[in-house]
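Asker: Following this message is one structure expressed as structure tokens.
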Amino acid sequence: MYGNFIYFILVLLIYTTYYPPESTYFDPFETLGIFLLGVGTLAITTSTASRALSRKIAFRGTLGLHGAFDRLFNRHAILAVVIFAINVYVLNLKSFLMTIPLFGGSPTVIGVLFIGLFIGYLAIIWAGIYRSYRALFQSQLSRRSYVLSNISFNLPIILPWLAISAGLDIINILPFSAPKRLLATPEGQVIFFSLFLAALVVIAPSLIRFFWRCRALPCGPKRARIEAICEKAKLKYNNILKWPIFEGKMLTAGVMGLIKKFRYILVTESLLQILNDDEIDAVMAHEIGHIKKKHLVFYLIFFLGFIVLSYAVFDLILYAILYSNLSFPAIRDVRLEQVTLTSILLTTAMAGILLIYFRYVFGYFMRNCERQADLYAFVLLGTSRWLVSSLEKVALYSGQSQDRPNWHHFSIRQRIDFLKSCEADRGMINRHDRKLRRSIMVFIGGLLCTGYAGYAINFGEMGKSLNRHFFQKVLIKELAQNPENARLYTILGSLYYQDKAYAETVKAYEKSIELAPSDPETLNNLAWLYAACEQSQFREPVKALVYAKHAAALKPAPYILDTLAESYYVNGLHEKAIVTIKQALAMHLKDRAYYERQLRKFEQAAMDQGITE
């Protein structure tokens, strides 16, 4: 499930970063043909590889081939992600769907269709590898049950995205404007997502229970044993559930829920059948350890951490792609538009960050949290004997090698060896707790720094500066191709002005005026710089008045009249400044207080010279 979580996040990333081009690259019939070709390729390659693995199992037996089965699924899941990306970026399926009235009005509906498409690809893979799964695990599950069990097992992964997307759609549909205004602000977005995620985390176990069709474990010796170990650990919970995943044939147990009312203990029928009472105690104590050691809380923080990380680096990656010209050369060689190529590169970079974050950083914490849960069971029971024997049984009955690697768990042999080492030196338990505690503190510290950097980039001066530099870069490149575009020079001059690069500002505005001498906006901007620049060496009152008069003659808008009044003022013509600003005040103004302050300034200057109206 953890591996599939990464695949689903990748798919959501591909979908959400896609920006539709002005027109699709293929007509509907070409698109359908390429789409079906992708589906056929996935089905044929999966079935062929599965048959090859099944022959190997028949010839060699199952020993050592569980890893080959995992690699078989992962290779084709990656292929499914690639085909999905082609569906989005090359076939532009989202653009086709948006033209259909039924789908165009709801982003969530289109999103669900695309997630359903990827689940369909995974279903093709599961159906294709069923042959080797049955041979490897000697399972009696039907192909249909195997596929449906995998689907239901993975559905909770998309639950947070689905709930948040549906919530946003509902807010947009409602006739109330206050929620929309709140969501339009950064603070409102933070409040919405925080409250929504908090509510979702609380009630999610009940929804997952529904998806997995869990039922209460019947009363009897097994349930009584689990209740007793929970009482010993002082764990409060809602219920103990029979976990029917893969028709209960999986050898696994689990716990979910942060608060008592929505906390459930899960166990499969097959696991209860192979374990004796003491081993059941050990396995349940391990699961209880995840609650007692606050692992579920930390996992939630870790998932939120990826949102913070994405928030911090998204704009930086986008700037890097566009600033370094990584995407521009490809336009000459392929049919894709610049915006699509940029989306692909952005998604690729974010996918790399996702892989490192979950596969390696989260993998490190999960392995060590699992080890800490093992040690909790050891301490609670006073011995590791029964946990060791339960791990050995799981390996034996599932046919898995004890040395089988796993990115989110230590191998069974590693877990057993560590427990035996702790039997010999119980000080290792405290040392491991300290190690994990320090690692978590370092992670949270890094997360806070990343969050601060993300806020600075998106809302602080750092972000504004990056935006300006980025747009300057883009404008300079565009001007190299269109040197006669006066409007681009005006925009570039305004960006330079914001950066207080006044020499470059003057050059850009003067070049724009040279190309378009009757543009009132550029004339007004340059007049204001010459009249009111904070650096005195750039003030030229006479030029300011010339440009301001020309601008006002072309467009006597309030802000242009204000520039003209300021130009009169700096030239000592205070009476004319008063008359001009009063003309502006006679118009409809949004910021009337500013113009009134200007009038008082001019009147005070006139009084100081002994001039009265």
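Asker: Going by the alpha-carbon gyration tensor, a ≥ b ≥ c the square roots of its eigenvalues, is the range 452-544 rounded (a/c under 1.5) or, if a/c is not under 1.5, prolate (a/b greater than b/c) versus oblate?
Answerer: oblate
Asker: Still on this structure, I have one more. Would you mind getting me the FRET efficiency between A532 and I301? Use the beta-carbon distance for r and R0 = 30 Å, nearest 0.05.
Answerer: With R0 = 30 Å, the Cβ-Cβ based efficiency is 0.05.
Asker: Charges only on Cβ, +1 for Lys and Arg, -1 for Asp and Glu: so what's the dipole of the chain about the Cα centre, in debye to the nearest 20?
Answerer: Computed charge dipole of the chain: roughly 2860 debye.
Asker: Okay, moving on. Among all the lysines, which ones have a C-alpha under 24 Å from K507's C-alpha, if same-chain residues fewer than 8 places away are not counted?
Answerer: The reachable lysines, counting only those whose Cα sits under 24 Å from K507, are K464, K473, K477, K543, K549, K555.
Asker: Once you sort the root eigenvalues of the Cα gyration tensor of the range 508-594 as a ≥ b ≥ c, which label holds: rounded (a/c under 1.5), prolate (a/b larger than b/c) or oblate (the other case)?
Answerer: It comes out oblate by the Cα gyration axes.
Asker: Calculate how many DSSP beta bridges within the chain are antiparallel, expressed in % of all such bridges and rounded to the nearest 5. Please list the in-between numbers first.
Answerer: Values: 6 of 10 bridges.
Within the chain, antiparallel bridges account for around 60 percent of the total.
Asker: On to the next question. Run the quick spin-label model on S439 and I78: label points 7 Å from Cα toward the beta carbon, then report their separation in nm to one decimal.
Answerer: Using points 7 Å along Cα→Cβ, the separation is 2.5 nm.
Asker: Using 0.36 nm times the number of residues separating R223 and Q414, minus their current alpha carbon distance, what extension gain do you get?
Answerer: 65.8 nm
Asker: Under the 0.36 nm per residue contour assumption, what length would be gained going from the current alpha-carbon distance of K500 and D70 to full extension?
Answerer: Contour length minus the Cα-Cα distance gives 149.0 nm.
Asker: Pick out, in residue order, every one of the GluC sites (Glu not before Pro) in the range 525-612 that is DSSP loop and has at most 13 other C-beta atoms within 10 Å; say none if there are none.
Answerer: On the way: sites: E534, E566, E575, E596, E603; in loops: E534.
Here the sparse-neighbourhood loop sites are E534.
Asker: Now for a separate question. Can you pull the one-decimal nm distance between simple spin-label points at V546 and R55, each 7 Å off the Cα toward Cβ?
Answerer: Taking the two extended label points, one gets 8.8 nm.
Asker: Next question, about the same structure. Quick one: length gained pulling V379 to E484 fully straight, 0.36 nm per residue minus the C-alpha distance? Intermediate results must be reported in sequence, preceding the final value.
Answerer: Values: separation 105, 0.36 × 105 = 37.80 nm, distance 7.78 nm.
Roughly 30.0 nm would be gained on extension.
Asker: Can you bin the range 382-496 into rounded, prolate or oblate? Criterion: square roots of the alpha carbon gyration tensor eigenvalues sorted a ≥ b ≥ c, rounded for a/c under 1.5, prolate for a/b above b/c, oblate for the rest.
Answerer: prolate
Asker: If you don't mind, there's one more thing I want to ask. Could you give the nm distance between label points at F26 and A557, where each point is 7 Å from its Cα heading toward the beta carbon?
Answerer: With each label placed 7 Å out from Cα toward Cβ, I get 4.7 nm.
Asker: Sticking with this structure for a sec: Could you derive backbone 3J(HN,Hα) for the range 468-482 from the dihedral phi with the Karplus parameters 6.51, -1.76 and 1.60 (θ = phi - 60°), listing whole Hz in sequence and x where the residue is Gly or Pro?
Answerer: So the J values, rounded to whole Hz, are 5, 5, 5, 5, 4, 4, 5, 5, 4, 5, 5, 5, 5, 8, 10.
Asker: Looking at (i) 31.5, 110; (ii) 27.4, 94; (iii) 32.9, 109, which value of Rg and Dmax of the Cα atoms in Å comes from a calculation on the structure shown?
Answerer: Evaluating Rg and Dmax of the Cα atoms in Å on these atoms matches (iii).
Asker: By DSSP, what percent of the beta bridges with both residues in the range 181-270 are antiparallel, rounded to the nearest 5?
Answerer: Numbers: 6 of 10 bridges.
Given both bridge residues lie in the range 181-270, the antiparallel proportion sits at roughly 60 percent.
Asker: Enter the accessible area per residue of the chain (Å², integer; probe 1.4 Å; all protein chains in place).
Answerer: 50
Asker: Let me ask something else about it. Per-residue HN-Hα couplings for the range 585-590, Karplus 6.51 cos²θ - 1.76 cosθ + 1.60 at θ = phi - 60°, whole Hz, x for Gly and Pro?
Answerer: These are the phi-based 3J(HN,Hα) values: 5, 6, 8, 6, 10, 7 Hz.
Asker: On to the next question. Eight or more residues apart or on different chains, and alpha-carbon atoms under 19 Å: count the Lys pairs in the range 227-315 matching that.
Answerer: Total qualifying Lys-Lys pairs in the range 227-315 comes to 22.
Asker: What is the calculated FRET efficiency for K473 to T348, with r their C-beta to C-beta distance and R₀ = 22 Å, to the nearest 0.05?
Answerer: After rounding to 0.05, the efficiency reads 0.55.
Asker: Could I ask something else about it? In the range 363-456, what trypsin sites (Lys or Arg not before Pro) fall in a loop by DSSP, with at most 13 other Cβ atoms inside 10 Å?
Answerer: Sites meeting the loop and neighbour criteria: R426.
The values are calculated or read from the model by the stated rules, or taken from the named source; none is laboratory data. Everything numeric here is computed off the predicted structure, so don't read it as measured data. For neighbour counting, all protein chains shown are included, and Cβ atoms are generated from backbone atoms with ideal geometry for every residue, glycine included. Just so you know, the surface numbers come from the protein's heavy atoms only, side chains and all, with ligands and any DNA or RNA stripped out. Shrake-Rupley method; radii C 1.70, N 1.55, O 1.52, S 1.80 Å.
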